[in-house]
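Okay, structure first, notes after.
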Amino acid sequence: MNKPANISRLALLLSTQPTPPSPALPSTMLSAPQQQGVFKIPSEVTELSLIYSHPRDVAAFAQTCKYFYALVYSSVDSHLWRYLFLAQGFDDPRIKDATIDPTIKVDWKANLQHIIHIESLLKAGFFQAPRPQRIDILTTLVNMVVNVGPISPLLPESGTLKWVQRQIDLADLHTRPGPFKVVPEKAGSDSIPPGPEGEELEEVILRHRLHNWLGLSPKEQHESQAVSRRLKARSFIYDLRRYSKKTQWAPLLPENPDRANWIHVDYLQEVLAWNVYEHGDGLVPHRPPLGLEATRPYSAPGNGALRKSDWAGVEGKWRRIVSFMDYRDIYAFNFTPDGQSGTRDPEVFLQEGFEEATRFITLDLQITGFSPTYSNSPSPLKNKECGLHTDLGPRPTIHFSGTSKGGSGNESSVKGVVRVTRHGLIRWAFVSIFEGRMQWTSEGIQIGAVGSAIGVAGSWTGAHHEDGDPAGPFWLFKLGQLEHCLRCGKRV
């Protein structure tokens, strides 16, 4: 077979490169077939040299002879593959609670081989790959994100997340999947038009899941697509049929309300991102943190010093962004003048003078108690639904209360709960109370891992879920200690 040019370079490296100042690798206990040329080099030195090569080059090197094949693939332990894995910059999956736990078992070879396979598929072109391969790619990227560990002295920045971001850039996966065209429906239909199914639905959900974390601002998107994308998002989230007992008035799947509807969550985020962007650069400090680093466990401000019982990082100050339509507009979008189900014509969002109101609210929350969670909550849990990274196990439902203060000075009280569902989803539910009366209920989902800076996205609606109640999006994220009011400059 023809040997790649890098193999000859590697052979030269093996014969000239001095041993680097790193820990000695365990002996592979192999005997060289000949004591001449490259075979004079001890196997430990060969392995130390191999870790400076790309895994694809190591695989090619292993094909040069049976001895080197055995050195790479049949050593008595997985030390070479561990070094290769970590040399690529990926996070050490054994890091737990700011230390390395050597008892955690990792299949270094299988993990690295799968990652390199995914990298090869992406280089060949994501959109040219058949759907099963696209699903495999997306599933791998999502799982790599949700299993990244908390920020710690051993892991201040995640090399795994940097790799995922490079692949997203390479495959141009920044934008939400289309199509974005929205057409009016036939009046009188109470059912939501059918969407994608099967593998197509699986791919679409995974694409939206990535977009949940990236949250590119409209300024960074292609203008030709951004307008239609915003129209699609508004048409989706202001369709009142999507808020019902089946979905628990939350962005959940109606056929399985223990699982998130990440498509719905993405549209909620998109609408709010547009509205915040239109308020101008003065709101930059009050925009939700975005990007893959913001999805890491306990990355929200102040969450590094939480008491153990506050597993969700509830206590502290939060920013809540809420948007809503004029009731006359949302009614006209959803109903005919005689109260029947309307056409949901997206033209309502394009009419001159149409706008959404957006409010920036400060919440101050305290824990008031705990109650048992589901007895069959996963433990330990590594679930792509939520990204609970380590041994969370069954966690108690947290009950909280607090105050909610808007920019105009109006203050109300809130009370609610945070819990983990049977499928590992972190759900937030709370009600707003004004003058002793429940007004609004909010149902949200943790976008990233537990306690992540990116926060919680969800929907609000009437507290008593009456027919015709309006609904809209909200985004909740934790504030640091030096956040200031936009109007007066005082700390909030």
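Would you mind checking which residues have amide H under 5 Å from Leu252's amide H? H placed 1.01 Å from N; only 5 or more apart, or other chain.
Amide H to amide H, under 5 Å and 5 or more residues apart or across chains, Leu252 pairs with Asn261.
Report the dimensions of region 232-478 along its three principal axes from the alpha-carbon atoms, largest first, rounded to Å.
53, 41, 39
For region 250-329, state which GluC sites (Glu not before Pro) are in a DSSP loop and have at most 12 other beta carbons lying within 10 Å of their beta carbon.
Taking region 250-329 and a limit of 12 other Cβ atoms within 10 Å, the loop GluC sites (Glu not before Pro) found are Glu255.
Counting only pairs 8 or more residues apart or on different chains, how many lysine pairs in region 232-478 have their Cα atoms under 22 Å apart?
The result is 11.
How much FRET efficiency would the formula 1/(1 + (r/R0)^6) give for Gln351 and Asn256, where r is the Cβ-Cβ distance and R0 is 35 Å, rounded to 0.05?
0.45
Could you list Met438, Met325 so that the one with the fewest beta carbons within 10 Å of its beta carbon is first and the one with the most is last?
Met438, Met325
Would you grab the residues whose amide H sits under 5 Å from the one on Phe335? Only those 5+ places off in sequence or on another chain, please, with H modelled 1.01 Å from N.
Gly342
Every number in this text was worked out from the coordinates using simple rules, so none of it is lab data. Small disclaimer: the values here were computed from a predicted structure and weren't measured. A quick note on method: Cβ atoms are made from the backbone with ideal geometry, for glycine too, and the neighbour counts reach across all protein chains shown.
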